[in-house]
Amino acid sequence: MAEEGSFKESPILIAGPCSAETREQVLQTAAGLASLPVRYFRAGVWKPRTRPGAFEGAGVLALDWLAEVKATYHLPVAVEVADATHVEAALWRGIDAVWIGARTTVNPFAVQQLADALKGAPVQVMVKNPVIPDVDLWLGGIERLERAGFADVWAIHRGFPNYGGASPYRNPPSWAVPIELRRRRPDVTLICDPSHISGVRNGIESISQKALNLGFEGLMIETHPDPDAALSDAAQQVTPARLEDIWKQLVVRQRSCKDENLETIRGQLDAVDAEIIHLLGRRADLSRQIGELKKNLGLTAYQPERWREILKTRSEWAQKHQLEPEEITALFQLIHLSSVKKQLRILGR
Ligand code: PEP
Ligand code: MN
């Protein structure tokens, strides 16, 4: 459980193959992970594939391989469950943790069915973010499990599908979504899944570090003894040896601390924010005056020419101050919209 202000020595590590393919592959992966502090050995046994005809997992048979991992390597084991029959089979084989996949979290009926089936089971439950970036839907999944009696549900951030294809990520992280989840539920443990975010193995390390820099408590990383030969998600899996390298490189940061310099600069920042709010208030006054004039002149509230000019000049000014033009544009879109709304109220009178 994530506590505000606590400092965790070592992040939670969940590792193992995307899919359990054969008994040998599963045991070989587990053997390779022996020197790492793996909290749960993960493996998908029922695989949600986008198109039919791809490898859909080895099914219940693979649960026996996981039972063997548990017995031989003393590693707790985790699988994805998508319906009540999966839950029943997993619990019967002594699986220690289950996660709800991104394609299931979008469906409250399915999540409720899983919560009912899991009720009272001695397992760790985890909920991946839904495939749409809706923090309420993600929280809703967590709450359904909490209502079924799970007091410590973990959230797994695996990014959001990249419609349009312009992103370097398989599932762009949209960090604002897990940041908002944390703001609303600081008590929920956050695990990052850099494998599904990146889609390629050389992106895993930097995404993992970014998640730790943001204060995530753990990482779920897909691991395969021969990644290129994997039957699912070949491009994004790493060998256990590579995972060990990544793990050694990661820097874990403190969640909070008392520091005089930090406090001083934060005080200055508060003063700047107060000034920004004061200026926004002045801007709103001017905008209302313009609204009155537009009313008398019979002008529309929205003036596209003027808005184009504002966007152009503000993004030029932003560059002079080493600010990102796209961020300043986004900020002014909000400011301008608020201005137009004020003027619409005046014109509407
Ligand atoms: C997985 O973890 O292998 C998986 C299918 O993940 P997701 O639900 O995030 O696509
Ligand atoms: Mn996968």
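The values are calculated or read from the model by the stated rules, or taken from the named source; none is laboratory data. All values reported here derive from a predicted model rather than from experimental measurement. So basically every Cβ, Gly included, is an ideal-geometry build from the backbone, and we count neighbours across all protein chains shown. Quick note on the areas: whole protein, heavy atoms, side chains included, nothing else; ligands and nucleic acids left out. Shrake-Rupley method; radii C 1.70, N 1.55, O 1.52, S 1.80 Å.
Below are the figures for this structure:
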{"item": "Yes/no for SER208 being within 16 Å of ligand 1 (Cβ to nearest atom), assigned to a helix (DSSP H, G or I), polar (S, T, N, Q) and touching a residue at least 24 places away in the same chain (Cβ under 8 Å)", "result": "yes"}
{"item": "Near pairs, Cβ below 6 angstrom, 6+ apart or cross-chain, from segment 17-29 (touching a residue at least 60 places away in the same chain (Cβ under 8 Å)) to any residue that is open to solvent by less than 60 Å² (accessible area, probe 1.4 Å) and among the hydrophobic types (A, V, I, L, M, F, W, C)", "result": "PRO17/ALA43"}
{"item": "Any hit, segment 171-188, residues being farther than 17 Å from LEU214 by Cα, at pLDDT 95 or above and of a type in the set (D, E, K, R)", "result": "no"}
{"item": "Out of LEU190, LEU250, LEU212, LEU181, sole residue that is more than 16 Å from ligand 2 (Cβ to nearest atom), surrounded by fewer than 21 Cβ atoms within 10 Å (Cβ to Cβ) and under 19 Å from PRO130 (Cα atoms)", "result": "LEU181"}
{"item": "Some residue of segment 180-194 being part of a helix (DSSP H, G or I), of a type in the set (A, V, I, L, M) and touching a strand residue (DSSP E or B) at 6+ places or on another chain (Cβ under 8 Å)", "result": "yes"}
{"item": "Qualifying residue in segment 224-234 (condition: open to solvent by 60 Å² or more (accessible area, probe 1.4 Å) and within 14 Å of ligand 1 (Cβ to nearest atom))", "result": "yes"}
{"item": "Number of the exception - ASP270 against (1) assigned to a helix (DSSP H, G or I); (2) more than 30 Å from PRO186 (Cβ to Cβ)", "result": "(2)"}
{"item": "Positions within segment 37-74 being within 15 Å of ligand 2 (Cβ to nearest atom), under 22 Å from VAL238 (Cβ atoms), surrounded by 21 or more Cβ atoms within 10 Å (Cβ to Cβ) and of a type in the set (A, V, I, L, M, F, W, C), in sequence order", "result": "PHE41, ALA43, VAL45, ALA58, ALA62"}
{"item": "Single condition VAL77 does not satisfy, out of (1) touching a His at 6+ places or on another chain (Cβ under 7 Å); (2) open to solvent by less than 40 Å² (accessible area, probe 1.4 Å)", "result": "(1)"}
{"item": "VAL111 vs. criteria modelled with pLDDT of 95 or more, among the hydrophobic types (A, V, I, L, M, F, W, C) and farther than 19 Å from ALA62 by Cβ", "result": "yes"}
{"item": "Complete set of residues in segment 22-31 that are among the small types (Gly, Ala, Ser) and open to solvent by 30 Å² or more (accessible area, probe 1.4 Å)", "result": "ALA31"}
{"item": "Boolean, LEU331 is without any contact (Cβ under 8 Å) to a residue 60 or more places away in the chain and over 30 Å from ARG182 (Cα atoms)", "result": "no"}
{"item": "Flag for ARG49 being within 21 Å of GLY159 (Cβ to Cβ), part of a helix (DSSP H, G or I) and not small (Gly, Ala, Ser)", "result": "no"}
